[in-house]
Amino acid sequence: MAVQLFKRTKQLELKVDEILDLVSQSAMTFDQAIENYLSEGIGERFNMRLDQMIALETRGDELGLAVELQMYNETLIPDARGDVLTLLEALDGILDSFKSVLFYFSTEVPEIPEELRQSFDDLAKLSCAGVESLVLAARAFFRDVQTVNDHLHKVHFYEKDADVLVTKIRKEIFLTELPLANKIHLRFFAERIVWISDMAEDVADRLTIYAIKRTI
């Protein structure tokens, strides 16, 4: 198989590139939205980021369907089609998760104490960093499969750091004097944020297998 998976299908390559751009943009938008929420709650800037996330996720769905139809209608890359479509579906799941977590913030409006806000911000940044590294690995899968592992190890690195931090946050939450209901609510939001990091690692594990298959 060619080093560049879409060597002769430029239009398809552009669509996949745009999907990867959307996932990267969603990570940045999510990070900014969490920053906005922690500094000012549900305000104009948070709502703007939420609207942007909805638009990104909608566009991702449209492109995913377009790629699938083009690959089947034009009988493109039949040997790798299943892996490519599964990978794109998993990336779309991350897009949807970013949107879902912001919706949770928008509808449930958790009261995050001042002393925990930096930790929540750091947790969001770790999850987003893992997704950004995953996007780089996915780009390598399509363009130069030999370099996929240059990025995948970073996904695992950020996921481990996120797991350590969320454990610390849980402990800090339950050491506060907040009512139990508030503690459980805060724990839920910490776990929703780290969930994105876990998803990125799951996709990275799949991508490792797909990359190995392409080099055999």
Can you check what the Kirkwood hydrodynamic radius comes to for the chain, Cα pairs only, in Å to one decimal? 18.1
For helix 180-215, what angle does its Cα long axis make with the longest principal axis of the chain, in degrees from 0 to 90 and rounded to 10? 20
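Taking only pairs that are 8 or more places apart or on different chains, how many Lys pairs in the range 10-215 have Cα atoms under 19 angstrom apart?
Numbers: Lys99/Lys125; Lys125/Lys154; Lys125/Lys160; Lys125/Lys168; Lys160/Lys168; Lys160/Lys171; Lys168/Lys183; Lys171/Lys183.
Close lysine pairs found across the range 10-215: 8.
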Residue-normalised 222 nm signal for the chain, counting each DSSP H run of n ≥ 4 as -39,500 (n - 2.57), nearest 500 deg cm²/dmol, is -30500 deg cm²/dmol
Compare the Cα positions of Ser100, Asn73, His153 along the charge dipole of the range 10-215 (+1 at Cβ of Lys, Arg; -1 at Cβ of Asp, Glu; about the Cα centre) and return the one farthest towards the positive end. His153
If you fit an axis through the alpha-carbon atoms of helix 149-175 and take the longest principal axis of the Cα set of the chain, what angle between them do you get, 0 to 90°, nearest 10? 20
Between 0 and 90 degrees, rounded to the nearest ten: what's the tilt of helix 114-143 against the longest Cα principal axis of the chain? 0
Roughly how many whole Å is it from the C-alpha centroid of the range 144-216 to that of the range 81-109? 14
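Here, each number is a calculation from the coordinates, and none is a lab measurement. Computed from a predicted structure; not experimentally measured. Counting neighbours? That spans all protein chains shown, and the Cβs are built from the backbone with ideal geometry, glycine included.
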